[in-house]
Amino acid sequence: GRALRIAVEILQNVAKHTLQTGKDNSYVMLFTSDTKLYMVTCNRVGEADKLIIENTFNEVKDFSVDELRDKYRQALAESTFNEKGGAGIGLLDIAYRTKKVPDHSFVRVAKTKSFDFIMKVNLNLD
């Protein structure tokens, strides 16, 4: 249940929030061990999405699991969904279900205003 929900959210994030110019450089990788599921994604984002991601993660990086759940529910209640969906809500969902802000980084794409957003999610399977 939980692993599938997180995997779907991660796939939706890559599918919905990747710049057209970065489609060829997007990827999702899954690895497993006896006790963990590792998910690594990369998708190209513009400056506006980079700010949304940074602001979302910075706001909740020190939250408890209960605070993450409350913030996620608040974001759902206040959201006005558009056809692209809100990147911030999906990221809050991932953080809430994994109980922490995922490891992530941004790599600027040479000679552009775009960034490759790399996110690593580790999920205990036990």
For the chain, alpha-carbon Rg relative to the globular expectation (2.2 N^0.38 Å, N residues): 1.03
Under a point spin-label approximation (7 Å from Cα along Cα-to-Cβ), what is the Lys16-Glu47 distance to one decimal in nm? 2.5 nm
Measuring with a 1.4 Å probe in the full set of protein chains, what accessible area per residue, in whole Å², belongs to the chain? 60 Å²
So how much slack lies between Ala7 and Leu30, counting 0.36 nm per residue of separation and subtracting their Cα-Cα distance, in nm? 7.4 nm
Residue by residue, what Karplus-based ³J(HN,Hα) values in Hz, rounded to whole numbers, does the stretch 89-95 have, using 6.51, -1.76 and 1.60 with θ = phi - 60° and x for Gly and Pro? 5, x, 5, 5, 4, 4, 4
Would you please name the trypsin sites (Lys or Arg not before Pro) within the stretch 1-89 that are DSSP coil residues with at most 10 other C-beta atoms within 10 Å of their C-beta? Lys61, Lys84
Modelling each spin label as a point 7 Å along the Cα-to-Cβ direction, I'd like the His104/Lys61 distance in nm, to one decimal. 1.2 nm
Could you derive backbone 3J(HN,Hα) for the stretch 44-51 from the dihedral phi with the Karplus parameters 6.51, -1.76 and 1.60 (θ = phi - 60°), listing whole Hz in sequence and x where the residue is Gly or Pro? 7, 10, x, 4, 5, 5, 4, 5
Lysine pairs, Cα distance under 17 Å, 8 or more residues apart or cross-chain: how many in the chain? 21
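The values are calculated or read from the model by the stated rules, or taken from the named source; none is laboratory data. Remember, predicted model here, so these are calculated numbers, not experimental data. Neighbour counts run over all protein chains shown; Cβ positions are idealised from the backbone, glycine included. Ligands, DNA and RNA are stripped out before the accessible areas are found, and what is left, the full protein with its side chains, is counted by its heavy atoms. Shrake-Rupley method; radii C 1.70, N 1.55, O 1.52, S 1.80 Å.
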